[in-house]
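Notes for the one structure printed next.
Read the figures in this text as sums done on the coordinates, not as results from a lab. Quick caveat: nothing in here was measured; it's all calculated off a predicted structure. Neighbour counts are summed over all protein chains in view; Cβ atoms, including those assigned to glycine, are modelled from backbone coordinates with ideal geometry.
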Amino acid sequence: MIRTVKPKNARAKRALEKKEAKLVENTKQALFIPGQTSNKAMHDITVDLSALKKPNMKRFNRKNEIRPFEDASPLEFLSEKNDCSLLVLSSSSKKRRNNLTFVRTFGYKIYDMIELQVAENFKLLADFHKETFTLGLKPMMTFQGAAFDTHPVYQHVKSLFMDFFRGETTTLQDVSGLQHVISLTVCGDFQDGEPLPNVLFRVYKLKTYRSEQGGKKLPRVELSETGPRLDFKIGRIQTPSPDMAKEAMKRAKQLDVKMKKNVELDSMGDKFGRIHMGKQDLQNMQTRKMKGLKSKFDQTPGSDDDEVYEDAEESFVTADDIEPAAKRQKN
């Protein structure tokens, strides 16, 4: 562990404050470390991967004798010293050729590790000779294959690459910033007990053309591969312990959005409120504001109106009793 001391100047104080825990953490930095057995091919691959991660990356040039699955303390030391929570160790041996070890840390302690061996048919950025995208932009990511949602190993790979290329968290949305896509595909189907298929890593640049139907507002989009093109074979895996996973997934209470009671949002973003009213007694409602609604005009059983109707029924006159008007005029 790095010894913590009291800062002697303002610059050291700012550096220590930058490393302190925050409610909203900084963008994760990636550290690329060449192993003692790294070769020229692994150097070129890590250079291209670091270009996709720029500017949130650091890369070592000097080789380091590190065996992460035997002793991970050197990686923890480098993670804390360089303030990087993502590490990529490149190595190559007779048993594991062109091997990349992706490491994630939590609190400068090893969280999980996974080995991905690069097949010999890889292609670099320089092999495509095409226009690249602007560095520092967040990529769009696609995961093709049902195994990324069902199989635990491929779920681990998906979580790793999502965390690795996530970039800065922001609510701003600009279509011009969507310039490239990182695609990961499971190569074929497999059954339980069979070797796990490779993961195909591809990078594409978005190109927009004028559409006959949509014009400029709805252009036609095409994908052009820009590299690097890598086929990963899954090797050794170290998963996090349940206690560390639970601690890493904790969320600060200050970031939780407090839900307002009886206030809802529909799918269109409209806000609706619900009001709870008390029990209403309609007998005591004040409605006597018109003359006809006063109590003296209320009709109650046994009132004078009933007697009037009864007299009317007794003095009912038929049509024969009515004297014609012409006869009355003669008289």
query: Which of the residues that make up the range 248-267 are part of a strand (DSSP E or B) and either within 18 Å of the chain's Cα centre (by Cα) or of a type outside the set (Asp, Glu) (or both)?
result: Val263, Leu265
statement: Considering only strands (runs of 3 or more DSSP E) wholly within the range 4-91, the ones with at least 3 residues that are in contact (Cβ under 8 Å) with a residue 40 or more places away in the chain are 30-34, 86-91
message: Among the residues that make up the range 174-192, is at least one of them of a type in the set (Phe, Trp, Tyr), more than 16 Å from Met141 (Cα to Cα) and in a loop (DSSP other than H, G, I, E, B)?
response: yes
